[in-house]
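Asks: Supplied in structure tokens, the structure appears directly below.
The values are calculated or read from the model by the stated rules, or taken from the named source; none is laboratory data. Just so it is clear, the model here is predicted, and its values are computed rather than measured. All Cβ positions, glycine included, derive from the backbone under ideal geometry; neighbour counts span all protein chains shown. Areas reflect the complete protein model, heavy atoms only, side chains present, ligands, DNA and RNA absent. Shrake-Rupley method; radii C 1.70, N 1.55, O 1.52, S 1.80 Å.
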Amino acid sequence: MNQVMKEIVLIIGAMKCGTTSLYYYLSEHPEIAEAREKEPHFFSSDDQFSKGLNWYYSLWGNSEASKLSLEASTTYTMQPKYPDVVERLAAVKDCSFRFIYMMRNPFSRIESHMRHLLASGLQKQPGIIEEHLAFSEYAKQLDPYIKTFGRDRIHLLLLEDLENRPKEELRKICDFLRIDPSFRFQRINLVMNSQQTLNLHPWVRKIYNIPFAKSIGKNIPPSIRQSLYKPFSRPKSLDIKLTDSDYNRILTRLAPDLKRLIEEYEIDVNQKWNISTHG
């Protein structure tokens, strides 16, 4: 990687907001080089960060022909679980960064987050836990990035908008990244990491987490991987629905953050997500 001329685009979250699909779409653009590992978690994981910047840059190999490098680590907006991300990013002097932050209706995001933790065994039974709420405080997660890098370096995107008008939203992203906005993306009909992924049999997930199996899986085209999920899935899906009590608890916690999204980040949560922040 040309460390001086390269600019790295980070899809920084939020978790369960369509970041994998967006990464897959953008990696098709000829001016973008995708990372060898989609989520290297370099700036969030102490173990990964200890490998050094040369290791991080090597994720893109010899990609001088591309204008931008791309990765998508949702752990970069998981405050307070990973507290040092922005400081580590700010300390990098030999390349520059642009950021894309995705959001979705926080109630839907939390349901999906809960399914994810239950399917992976990281949460034993349904129920709201602190990280569901903290990772859904979108304005709070954005604050350190805005303070450190400035608003013009961060593009905000709603999953609902990407689903409803993908061509228009991808054109906006291309404008933000200063790459050819007329490029015709061909992959936008494929949704990555959908409910099918979470519904995989636990034993399949365990096998996939073996390094050798994971390395093989990465070489299978995403469209084919998605088609393989059904025969390896549970007969019944993880049907997680928030209760009225859950809704009230979530809204009480998130109301101040949602108001800030409206006032400071111009996200119309009332229209986009049908959420009222009044009374």
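Asks: What pairs can you find where one residue is in the range 2-17 and within 18 Å of Glu37 (Cα to Cα) and of a type in the set (A, V, I, L, M), the other is assigned to a loop (DSSP other than H, G, I, E, B) and modelled with pLDDT under 95, and their Cβ atoms are less than 6 Å apart, with a gap of 6+ or different chains?
Replies: Ile8/Cys95
Asks: Hey, can you tell me all the residues within the range 93-127 that are assigned to a loop (DSSP other than H, G, I, E, B) and open to solvent by 20 Å² or more (accessible area, probe 1.4 Å)?
Replies: Initial filter on the range 93-127 (assigned to a loop (DSSP other than H, G, I, E, B)): 93-95, 104-105, 121-127.
Lys93, Asp94, Arg104, Asn105, Gly121, Leu122, Lys124, Gln125, Pro126, Gly127, listed by residue number.
Asks: If you don't mind, another one. Here are some conditions: (1) closer than 21 Å to Ser21 by Cα; (2) touching a residue at least 24 places away in the same chain (Cβ under 8 Å). Ser96 meets all but one. Which one does it not meet?
Replies: (1)
Asks: Condition (residue is outside any helix (DSSP H, G or I), open to solvent by 60 Å² or more (accessible area, probe 1.4 Å) and out of contact with any Ser or Thr (no Cβ under 6 Å at 6 or more places or on another chain)) applied to the range 136-156: is it met by at least one residue?
Replies: Within the range 136-156, the subset outside any helix (DSSP H, G or I) is 136-137, 150, 154-156.
Subset that is open to solvent by 60 Å² or more (accessible area, probe 1.4 Å): none.
Looking for residues that are outside any helix (DSSP H, G or I), open to solvent by 60 Å² or more (accessible area, probe 1.4 Å) and out of contact with any Ser or Thr (no Cβ under 6 Å at 6 or more places or on another chain), one finds none in the range 136-156, hence no.
Asks: Quick one: in the range 157-168, of everything that is touching an Asp or Glu at 6+ places or on another chain (Cβ under 9 Å) and surrounded by 19 or more Cβ atoms within 10 Å (Cβ to Cβ), which residue is nearest to Leu89 (Cα to Cα)?
Replies: Per the stated criteria, the residue is Leu157.
Asks: Taking into account only those residues within the range 64-83 that are under 20 Å from Leu22 (Cα atoms) and assigned to a loop (DSSP other than H, G, I, E, B), which is modelled with the lowest pLDDT? Give the steps one after another, and end with the answer.
Replies: Start the filter on the range 64-83 by keeping residues that are under 20 Å from Leu22 (Cα atoms), which leaves 66-78.
Now drop any that are not assigned to a loop (DSSP other than H, G, I, E, B), which leaves 66-67, 72-73, 78.
Details: Ser66: 83, Lys67: 91, Ala72: 98, Ser73: 98, Met78: 98.
Ranking the candidates gives Ser66 first.
Asks: Between a residue in the range 133-153 that is in contact (Cβ under 8 Å) with a residue 12 or more places away in the chain and any residue that is β-branched (Val, Ile, Thr) and open to solvent by 50 Å² or more (accessible area, probe 1.4 Å), which pairs come within a Cβ distance under 9 Å, given they are 6 or more apart or on different chains?
Replies: Listed pairs, sorted by first residue: none to list.
Asks: When you go through (1) over 17 Å from Ala14 (Cβ atoms); (2) open to solvent by 60 Å² or more (accessible area, probe 1.4 Å) one by one for Lys81, which number turns out not to apply?
Replies: Here Lys81 meets the rest and fails (1).
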